[in-house]
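The values are calculated or read from the model by the stated rules, or taken from the named source; none is laboratory data. Values in this document were obtained by computation on a predicted structure and should not be read as measured data. Here the Cβ positions follow ideal geometry from the backbone for every residue, glycine too, while neighbour counts run over all protein chains shown. These accessible areas exclude ligands, DNA and RNA; they are computed on the full protein's heavy atoms, side chains included. Shrake-Rupley method; radii C 1.70, N 1.55, O 1.52, S 1.80 Å.
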Amino acid sequence: MKRTNLLFLLGLITLFWSCETTTTSGTRDGRATSKPKNIVLMIGDGMGLTQITAGMYANNNKIILEEFPVVGLHKSYSFDNLVTDSAAGATAFSCGVKSYNGAIGVDADTTAVETILETAEKNGLATGMISTSSITHATPASFICHQKERKMMEENAAEFLNTDIDLFIGGGYKQFVQRSDKRDLSRELKAKGYKVMDYFNNNVEEVELDASAPFAFLTASEEPVAAATGRSYLPAATKKGIRFLDERDARANKGFFLMVEGSQIDWGGHANDANYIITEMLDFDKAISHVLDFAKEDGETLVIVTADHETGGFAINPGSTRDSIVAGFTTPKHTAAMIPVFAYGPGAEAFAGIYENTAIYDKMMEAFGMSR
Ligand code: MG
Ligand code: ZN
C-alpha cells in the first residue's frame, strides 16, 4: 500500500474513532451534550425555591435535586399577567407560547397550538402523564387539551379520547364517567383498547402494568387527597409508569415523553400551610428519585424538574430549625418569582442560565430534534 493511502486510511480510522467516542461518551454522567431518546418533564406545581428548601431541611438536609448537575432559572410570567396561573404556566411548557391566565393549550388569540406531547405522538414516541390532581386539571390538561378556559373539566376529559396517549394516571374519574352529557368515557377508552382502572377497585401500587395495551388509571372521584392524609400513589405510579413507557416503545424504539406533576405543592401554598408543602414536596422528591434511577441506568433519558410558578410567597423566617420551620407567607395566591430548573442527562446543558418559561418547550423540542 502506498504511504499516502495508508495515511488516508489511518485518518479515516481516527475520524471514525473520534465520532464514535463523542456520541457515546458521557451519557451516564448526567451532563452530556448528546441527544436524548426520552424526556421526562417533572412539574412541581407551585414549587418555588423556598418550597424546595423547606423540603430539603425537613428531609435531614437532603434532596434528590442535589444530584442534578445543571441548574437554571425561568421567568414564569404569562401573556397577560406578571403572576401566571397553572394553565398559562403549563401551556408555556407544552406549547412554547406565552398565553393568558386560564388558557389550556391555546395561544393568546385562543387558537389551539399543537403540544409537545401531541408532536411526540405524531413522531411515533410513546407518551404519558401522571398527576396528583385530576388528570383534567390545568397542568396535565395543557399537554393534551385545547380550551379557552381552564374550568372546562368535562371537555378536557373528552379530549383524552382524541389522542393516543399511552398512559395516564390521575384523579377526575367523575369527569370521565359521571358526565352531564351522559357519555361514559371509561367505556369509550376501553373500546379504543385501553386498560382502564379506577380508584375504588384497584390500587396502583399493587397493579402490574402490562405494556401490551395503553393504560389509564383514575385515582380519585375528583381531586386525590393530600399525601399527609393517605395519598401515596405518585412514587409507585412514576416508577412503574416510566418502565411501562420504555416497554411500550420497545418495538418502535423512538423514545418516550412523560410528564409527571406533583400538583399539591401548590395547594399547600394556597393554604399557607408549611407542613402541607413539605409533605407534598417530599412525595414529589420520591417520584423524582425513581425517574433519576431510571435515567442513570438508561443513559438516554433527559430529566427536567421545574415548576410553573411559586405559590404563597413562602419564606423560612428567623427562629426556624430544620425540624421546625417558622413559615411566613405574603399571599394565598401565586407569585412572580423566577423558578429553578434542574436538568439531568443527555441535552441537560441547554437548561443552564436564565430564560423564559417558553424556552423549556424550545429546548425540549431541540433535544428531541422535533418540530411542530
Ligand atoms: Mg397543577
Ligand atoms: Zn395554584
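Within the stretch 126-149, can one find any residue that is in contact with a Cys (Cβ under 7 Å, 6 or more places away or on another chain) and among the polar types (S, T, N, Q)? Within the stretch 126-149, not a single residue is in contact with a Cys (Cβ under 7 Å, 6 or more places away or on another chain) and among the polar types (S, T, N, Q). Counting the residues of the stretch 108-146 that are open to solvent by 30 Å² or more (accessible area, probe 1.4 Å) and over 27 Å from ARG251 (Cα atoms) gives 7. In a residue-by-residue description of the stretch 211-223, the property of being farther than 15 Å from LEU245 by Cβ, within 16 Å of ligand 2 (Cβ to nearest atom), acidic (Asp, Glu) and touching a residue at least 40 places away in the same chain (Cβ under 8 Å) applies to at least one position. Would you be able to say whether some residue in the stretch 50-64 is in contact with a helix residue (DSSP H, G or I) (Cβ under 8 Å, 6 or more places away or on another chain), closer than 21 Å to LEU258 by Cα, in the same structural domain as PRO214 (by TED's automatic domain parsing) and more than 16 Å from ligand 2 (Cβ to nearest atom)? Yes. Flag set for GLU310, criterion: within 16 Å of ligand 1 (Cβ to nearest atom), acidic (Asp, Glu) and farther than 14 Å from MET42 by Cα. Scanning the stretch 90-143 for residues that are more than 22 Å from THR301 (Cβ to Cβ) and among the aromatic types (Phe, Trp, Tyr) turns up just one, TYR100. Residues in the stretch 270-313 that are assigned to a loop (DSSP other than H, G, I, E, B) and either more than 16 Å from ligand 2 (Cβ to nearest atom) or outside the structural domain of ALA228 (by TED's automatic domain parsing) (or both): GLY299, GLU300. Residue count for the stretch 314-372, restricted to those that are of a type in the set (S, T, N, Q), closer than 21 Å to TRP267 by Cα and open to solvent by 50 Å² or more (accessible area, probe 1.4 Å): 3.
Would you mind listing the helices (runs of 4 or more DSSP H) fully within the stretch 86-203 where at least 1 residues are closer than 20 Å to ALA216 by Cβ and within 13 Å of ligand 1 (Cβ to nearest atom)? Give the steps one after another, and end with the answer.
Numbers: elements: 86-95, 116-122, 138-141, 153-159, 173-177, 185-191.
Answer list for the stretch 86-203: 86-95, 138-141, 153-159.
Restricting the first member to the stretch 104-125 and to residues that are at positive phi, and the second to residues that are among the hydrophobic types (A, V, I, L, M, F, W, C) and open to solvent by 30 Å² or more (accessible area, probe 1.4 Å), the beta-carbon pairs closer than 8 Å and six or more apart or on different chains are GLY105/ALA112; GLY124/ALA252. How many of the residues making up the stretch 52-103 are among the aliphatic types (A, V, I, L, M) and free of Cβ contacts under 8 Å to residues at least 12 places away in the same chain? Going through the stretch 52-103 one residue at a time, the tally reaches 1.
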